[in-house]
Amino acid sequence: MIELAYFERSDIEQLISWIPSASFTLQWAGPAFQYPLTVSQFEKYLQNANKEDSDTYIFKVIDQDTKQVIGHISLGRVDRVNKSARIGKVLVGSSQYRGKGIGAEMVKAVLAIAFEEMQLHKVTLGVFDFNASAIRCYEKVGFVQEGLLRDARKNGDEYWNLIEMGILEDEWRMNHKK
């Protein structure tokens, strides 16, 4: 259905076009980016990524049938000592692809890299508590809720709660064999 390839400078403009607002930017990237998005923000994001010893791997998501780029996902905070990492910046870019299980496929593909190729033990992510469809997607893949960070991010005049979720390698292997 999908395949992952390293995100490159040539993919920046398309990704920027998918991000319509400051609140969407916060949902997608937390405080890592500021709206309006600029090419220089992405150049900094890419600077030390996607190398053998990087602590960040950034992917574009490609529809295997059409060969079009349809999404974005990253595996960051790679800690080789504690064998952990964090999924972030998950986005199914075009609305025509949303609601079709592609988000789950993207997360599964990144988890395969984390657990099978990199031999990690744990992968975490954060999701805002109002994002019910994303929470369902992550739970379907095998993530469990580990905690709630109250008023973790400020958006305009309101604060958003962040749910911390995680999956361990044995949970992945158990789910993955189904």
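With just the Cα atoms defining each centre, how far is region 10-57 from region 63-139? Give it in Å.
One Cα centre to the other: 15 Å.
Using the Cα centre as the reference, give the magnitude of the dipole from point charges on the C-beta atoms of the chain (Lys, Arg: +1; Asp, Glu: -1; all else neutral), rounded to the nearest 20 debye.
Dipole of the chain, to the nearest 20 debye: 180 debye.
Just how many % of Cα pairs in region 24-178 lie over 22 Å apart, if you round to the nearest whole percent?
When every Cα pair of region 24-178 is considered, 43 percent fall beyond 22 Å.
Summing +1 for each Lys or Arg and -1 for each Asp or Glu, what net charge is found among the other residues whose Cβ lies under 14 Å from the Cβ of Ile135?
Within the 14 Å Cβ shell, the charges total -2.
How large is the direction-averaged shadow of the alpha-carbon convex hull of region 4-104, in nm²?
Mean orientational projected area (region 4-104, Cα hull): 6.9 nm².
Name the residue from Ala109, Gly88, Val61 whose Cα lies farthest towards the positive end of the charge dipole of region 28-136, charges +1 on Cβ of Lys and Arg and -1 on Cβ of Asp and Glu.
Toward the positive end, the furthest listed residue is Gly88.
For region 96-129, which trypsin sites (Lys or Arg not before Pro) are both in a DSSP coil and crowded by at most 13 other Cβ atoms within 10 Å?
Those that pass, being in a loop and sparsely packed, are Lys100.
Per-residue ellipticity at 222 nm for the chain, helices alone: DSSP H runs ≥ 4 residues times -39500 (n - 2.57), over residue total, nearest 500 deg cm²/dmol?
-8000 deg cm²/dmol
For region 86-178, with only Lys/Arg (+1) and Asp/Glu (-1) charged at the beta-carbon, what is the dipole magnitude about the Cα centre, in debye rounded to 20?
300 debye
Just want to confirm a number: the relative contact order over the chain, from Cα pairs under 8 angstrom separated by 6+ residues, in percent.
This gives 17 percent for the chain.
Pick from Glu117, Glu13, Glu43 the residue whose mean-square fluctuation is largest in a GNM of the chain, springs joining Cα atoms under 10 Å.
Its mean-square fluctuation being the largest, the pick is Glu117.
In region 1-57, with Lys and Arg counted as +1 and Asp and Glu as -1 at Cβ, which of these residues, Gln47, Pro31, Phe7, has the Cα nearest the positive end of the dipole, that is, farthest along it?
Pro31
Straight-line reach from Lys100: which aspartates and glutamates have Cα under 13 Å away, leaving out those fewer than 8 places along the same chain?
Within the straight-line cut-off, Lys100 pairs with Asp63.
The numbers here are math on the coordinates, done by the rules we state, and not lab data. Please read these numbers as outputs of a predicted model, since none were measured by experiment. Cβ atoms come from the backbone with ideal geometry, glycine included; neighbour counts cover every protein chain shown.
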